[in-house]
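Report on one structure; see the data block that follows.
Only the coordinates and a few stated rules stand behind these numbers; no lab work does. Here the structure is a predicted model, which means the values were calculated and not measured. Every residue, glycine as well, gets a Cβ built from its backbone with ideal geometry; the counts of neighbours run over all protein chains shown.
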Amino acid sequence: MKRFVKEHKAPWECTFAKEEKSKCKPGDEPKSDKEYFEILCLCILQTGLNWGMVRKNWPEIKQGFYSFDIDKLSDATIGELIKRPRVYKNKKKVEAIIANAKKFQEIKQNFGSFSNFLKSLKRLEDKDAIKQITEHFKHVGEYTAEYYLHSIGYWK
C-alpha cells in the first residue's frame, strides 16, 4: 500500500525518516542564533512526544520558555522554568534547554555566531558533524542531531 507523504519543508511538518518516499525538504537556514536555538529546542522537546501537539502548542511553549532567549534561559533555574505555565514538566528536557543555552553562548563567544560554528563543521564527514552536535548539546542523540541539521538546511 502506498503512503502519501505531503511535500513540505522541515521542521514544522517533518516526518524526517530515511524513507525513499519521504518528500521532506531541508529547512531554510535560520537568520539568527536565536532561530538556530529555537529549532534545537523544538527538536529536543518533540522527542518522544506527539509532534502534532508540540507544533500546535508551539506559540504557548515558546512563551513559557522566554521565547527561547538564550540569555534569559542560561540564567534561569530548572525549578523556576518547571513552575512557569506552558513549559513541559520534563525535568531532563528543561535541564537540557538551560545547559544548551549556556553552550550556545559559549559557541557564540568562540566562533562569533552559531552559523560560523556550523561552517566549521562543513569540513567534516556528515557522521562526524552529527557527532559534534551530539557532543556539544545535552539531550541530543544521533537521530535528533541529524534531524536538527536537516531542519536548519545544513545539507542544502
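Miscellaneous remarks
- Between ASP28 and ALA99, the C-beta separation translates, for a Förster distance of 35 Å, into a calculated FRET efficiency of about 0.85.
- Entry note, the stretch 31-151: relative contact order of 27 percent, from Cα contacts under 8 Å with a spacing of 6+ residues.
- When the listed pairs LYS72/LYS108; LYS62/LYS119; LYS34/LYS103; LYS56/LYS91; LYS31/LYS93 are checked against a 19 Å cut-off, the alpha-carbon distance exceeds it for LYS62/LYS119; LYS56/LYS91; LYS31/LYS93.
- FRET efficiency estimate (nearest 0.05) - Cβ-Cβ, LYS127 to GLU106, R0 25 angstrom: 0.60
- Count Lys and Arg as plus one, Asp and Glu as minus one, and take only other residues whose Cβ is under 15 Å from that of SER32; the net charge is then -3.
- GLN109 sits among other residues whose Cβ lies under 15 Å from its own Cβ, and their net charge, with Lys and Arg +1 and Asp and Glu -1, is 0.
- Residue by residue, the stretch 106-123 carries 3J(HN,Hα) couplings of 4, 4, 4, 5, 7, 10, x, 6, 5, 4, 5, 4, 5, 4, 5, 7, 4, 6 Hz when phi is fed to the Karplus relation 6.51 cos²θ - 1.76 cosθ + 1.60 (θ = phi - 60°); x denotes Gly or Pro.
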